[in-house]
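Visitor: First the structure, which I've put down as structure tokens, then a few questions once you've had a look.
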Amino acid sequence: MKKDIPFLPVEGVCIAITRQLDEINNPIWEVHLINNNDFNLQNILVSSKGYGTKDGEEQKTSVLRHHIPELGPKSTALIEPIDPAVFHLYNEYWLSYFIDHQIFDKKFIFVPDTIIEENLVYIPILDQEGILHR
């Protein structure tokens, strides 16, 4: 049963939403998983969705699920592109992975209107600017 599974805290793993400019200076936004640890993450599952309201109307996106078999130490993986049209929503990334036979689990939620140019910081491991969620 779920109550019998020990869920240890997630450390050294984060999600970043990055912005690059294409050849005609249009922004391209992407979501990345970052493993800052000295060990592999295995059997990674990421579920993403957006939800919230606009003009008093409830809005939500499709739920997307991604599987990454393994992510090495001090490395990154592209999860998905993200459309700026959903930046006004809560953008949730629910991450689960294994280290050896221990499961780890964490939700990363980017709150509405925080994915903006003013919040960009340089992320060395990606060599890009983005919003980092730890």
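Visitor: With each label point set 7 Å from Cα along the Cα-Cβ vector, what nm distance links ILE103 and ARG65?
Guide: The modelled label-to-label distance comes out at 1.3 nm.
Visitor: Positive end of the charge dipole of the chain (Lys, Arg +1 and Asp, Glu -1 on Cβ, about the Cα centre): tell me which of LEU21, TYR90, GLN128 has its Cα farthest that way.
Guide: TYR90
Visitor: Moving on to the next point. Using a 1.4 angstrom probe on heavy atoms only, work out the carbon and sulfur share of the accessible area of the chain in %.
Guide: Taking all protein chains in place, the chain shows 52 percent carbon and sulfur surface.
Visitor: In whole Å, what is the distance between the alpha-carbon centres of segment 80-134 and segment 12-64?
Guide: Each part's Cα centre sits 5 Å from the other's.
Visitor: Taking only protein heavy atoms into account and a 1.4 Å probe, give the accessible area per residue of segment 44-126 in Å².
Guide: 60 Å²
Visitor: PRE reach from HIS88 (point 7 Å along Cα→Cβ): which of segment 45-79 fall under 20 Å by backbone N?
Guide: Zone members listed by number: 49-63.
Visitor: Under a Cβ-only charge scheme (Lys and Arg +1, Asp and Glu -1), can you give me the dipole magnitude of segment 22-85 about the Cα centre, in debye to the nearest 20?
Guide: With Lys and Arg at +1 and Asp and Glu at -1, about 280 debye.
Visitor: What FRET efficiency do you get for THR114 and ASN40 if R0 is 35 Å and r is their Cβ-Cβ distance, rounded to the nearest 0.05?
Guide: 0.70
Visitor: On to the next question. For the chain, what number of Lys pairs, 8 or more residues apart or on separate chains, have alpha-carbon atoms under 28 Å from each other?
Guide: For the chain, qualifying lysine pairs total 17.
Visitor: Excluding the sites themselves, what is the longest stretch of the chain that contains no GluC sites (Glu not before Pro) in a DSSP loop with at most 13 other C-beta atoms within 10 Å?
Guide: Formally, the longest exposed-site-free interval is 24-134.
The values are calculated or read from the model by the stated rules, or taken from the named source; none is laboratory data. Note that the structure is a prediction, hence the values are computed from the model and not measured. Don't worry about glycine lacking a Cβ; one is built from the backbone with ideal geometry, like all the others, and counts go over all protein chains shown. These accessible areas exclude ligands, DNA and RNA; they are computed on the full protein's heavy atoms, side chains included. Shrake-Rupley method; radii C 1.70, N 1.55, O 1.52, S 1.80 Å.
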